[in-house]
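The values are calculated or read from the model by the stated rules, or taken from the named source; none is laboratory data. Everything numeric here is computed off the predicted structure, so don't read it as measured data. Neighbour counts are summed over all protein chains in view; Cβ atoms, including those assigned to glycine, are modelled from backbone coordinates with ideal geometry.
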Amino acid sequence: MGKSTLLNALVGQKLSIVTPRPQTTRHRILGVLTEADAQIAFVDTPGLHRAASRALNKAMNRTAAAALDAADVVVLVVEAGHWTAEDELVLERIARTGHAAIAVANKIDRVRPRENLLPYLAELAARHPFRAIVPVSALKEDNIGALRRTIAAELPVSPALFPDGELTDRGLSFRIAEMIREKLTLELNQEVPYGIAVEVEQMAEVDGQLTVDAAIWVDREGQKPIVIGPKGERLKRVGRSARLALNGILGKRLHLNLWVKVRENWADNARALQELGLE
């Protein structure tokens, strides 16, 4: 659906990692947009899923549900031209909260023929009394300004909650770990589905260069050589790609040391989820 891409477009900076894989987002990601007449705190959450068999998936569902209950305005992001069982589940949860809701039909650039968009938006309007329905392309940043204005108009009047210039409540180590996980997910594709987590173990800055030691956790011994790759080349590619991306985002030189470690079935271990900040 592109929720994370949309958050990044709305805030104007990359805060949430983006991959083609579903369920990439595991945490609540806060992005703050401060403009002359409004401050909007966007919350990107994991998607809600009916089939939540592992402890990790159940924790992600709890994170999404808690954010939904606490929101002033809910933005339902769907892929233009599509309606899934997960979309229906989320809409049911939204209806139960009674919160004002805006529907965003994302990826309008992919609708072919374009004439199909209007009937789809009409079908969407019939599903729920949305306060507004906004078609966008998050990737191409098409109609993002209109969406910002639509959301701001629905928010309650209150003092600013965050200082001017603050973009997120997530710290540096979290953003570094997430970028490494993004590059791992893109590199591994389908080879290691969801059994990977990243933890920054140590950071130190010397002469303007930030040195980061990070552990890549896999949940089976057999996954370790897959992540490392022949002669360590895959791990080197991941490290290089993450380092270059972080150099650009953070505006400083970065040196990454990556280790791959095994923690059997961590995604079903409540203690491991807590230690990795996933619960």
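If we keep just the residues of segment 151-195 that are β-branched (Val, Ile, Thr) and surrounded by 18 or more Cβ atoms within 10 Å (Cβ to Cβ), which is nearest to Arg253 (Cα to Cα)?
My answer is Ile176.
Considering segment 221-262, the residues that are in contact with a Lys or Arg (Cβ under 6 Å, 6 or more places away or on another chain) and of a type in the set (Gly, Ala, Ser) include one that is nearest to Ser173 (Cα to Cα), namely Ala242.
Residues considered: Val78, Val32. Of these, the only one that is within 23 Å of Arg170 (Cβ to Cβ), in the same structural domain as Lys140 (by TED's automatic domain parsing) and of a type in the set (A, V, I, L, M) is Val32. Go through segment 227-279 and give me each residue that's among the hydrophobic types (A, V, I, L, M, F, W, C), in a strand (DSSP E or B) and within 22 Å of Ser16 (Cα to Cα). Scanning segment 227-279 gives Leu254, Leu256, Leu258. When the residues of segment 97-120 are filtered to those that are over 24 Å from the mean Cα position of the chain (by Cα) and closer than 24 Å to Pro22 by Cβ, which remaining residue is surrounded by the fewest Cβ atoms within 10 Å (Cβ to Cβ)? Only one residue tops the list, namely Arg112. Of the helices (runs of 4 or more DSSP H) that lie entirely inside segment 99-216, those containing 1 or more residues that are free of Cβ contacts under 8 Å to residues at least 60 places away in the same chain and within 24 Å of Val74 (Cα to Cα) span 117-127, 144-154. Checked across segment 196-213, the condition of being surrounded by fewer than 18 Cβ atoms within 10 Å (Cβ to Cβ), of a type in the set (Gly, Ala, Ser) and not assigned by TED's automatic domain parsing to the domain that holds Ile17 holds for at least one residue.
Among the numbered conditions (1) over 16 Å from the mean Cα position of the chain (by Cα); (2) under 18 Å from Ala132 (Cβ atoms), the only one that Leu10 does not meet is (1). Of the numbered conditions (1) surrounded by fewer than 16 Cβ atoms within 10 Å (Cβ to Cβ); (2) in a helix (DSSP H, G or I), Leu91 fails exactly one; give the number of that condition. Failing condition for Leu91: (1). Only one of the numbered conditions (1) buried (at least 19 other Cβ atoms within 10 Å of the Cβ); (2) over 13 Å from the mean Cα position of the chain (by Cα); (3) farther than 21 Å from Thr185 by Cα is not met by Leu30, and that is (2).
Here Asp109, Asp69 are screened, and the one residue that is of a type in the set (D, E, K, R) and within 21 Å of Leu147 (Cβ to Cβ) is Asp109.
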